[in-house]
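Everything on this sheet refers to the single structure shown next.
No value in this document is a laboratory result; all are computed from the given coordinates. Bear in mind the structure is a predicted one, so any value in this text is a computation, not a measurement. Heads up, the Cβs are rebuilt from the backbone with ideal geometry, glycines too, and the neighbour counts pull from every protein chain shown.
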Amino acid sequence: MSRVRTLRAEPLLIPLVVAGAVPAALGLWLPGPSPPGPDGLRTTAGPVLVLLGAWMTADAVDRVYLRQPTPLGDRPPQQLVRSGWYGVIRNPMAAGMTLLLAGEALLWSATAVLVWAAVVLTVSCVTTARIEEPGLREAFGEQYAAYRRAVPGWIPGAARTTGRRATHRRTH
């Protein structure tokens with residue numbers, strides 16, 4: 001018997017407001033000067049960042065909130081998600097929204113949207129460190145610890161200070 005997935009609106013509200021409504025308002029009300037550099041860079045990099053960020057965010061929301069009955073708030077999901085973008089970085093939803101916002105800032109030449117992206121990233125980093133990671137450690141124990149050692153937090157391929165690489169450096 002297959003399980004029927006129903007679309008839950010609540011998980012979609014935060015990304016739509018944070019990466020949609022707020023930057024749209026800021027971009028329309030507070031446009032800034034064009035960023036330095038050729039216009040081709042802005043018109044190429046902007047859409048690429050928007051599409052990559054939207055893909056990361058949508059994939060993360062789908063895997064955490066739509067594929068399992070994960071509550072919103074400070075409680076961890078029922079299952080530790082390690083697939084999709086979660087196999088590349090541990091925080092693809094926040095990283096995706098930040099990339100999406102950076103792309104919007106380029107497209108709209110809106111410094112205010114870039115400032116908003118910095119605020120979103122800062123809040124995400126603090127929330128991750130103070131709420132999400134402690135909750136995941138408590139809920140999943142060694143399974144989360146192993147995932148944390150294997151997958152970087154924010155930047156794909158970033159060197160980690162724990163796990164095999166750190167052990168290798170200490171012993172050789």
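Among 108-121, 128-141, 78-91, what's the highest-first ranking by average C-beta atoms within 10 angstrom per residue? The partial results should precede the final answer.
On the way: 108-121: 19.0, 128-141: 14.4, 78-91: 17.0.
Ranked from most to least packed, the peptides come out as 108-121, 78-91, 128-141.
How many angstrom lie between the Cα centre of segment 90-158 and the Cα centre of segment 38-66? If you average the Cα positions of each part, the centres end up 14 Å apart. Compute the relative contact order of segment 97-146 as a whole-number percentage, counting only Cα pairs closer than 8 Å that sit 6 or more residues apart in sequence. The normalised contact order for segment 97-146 reaches 25 percent.
List the residues of segment 53-69 whose backbone N lies under 19 Å from a point placed 7 Å from the Cα of residue 150 along the Cα-to-Cβ direction. Those under the cut-off are 60, 63-64.
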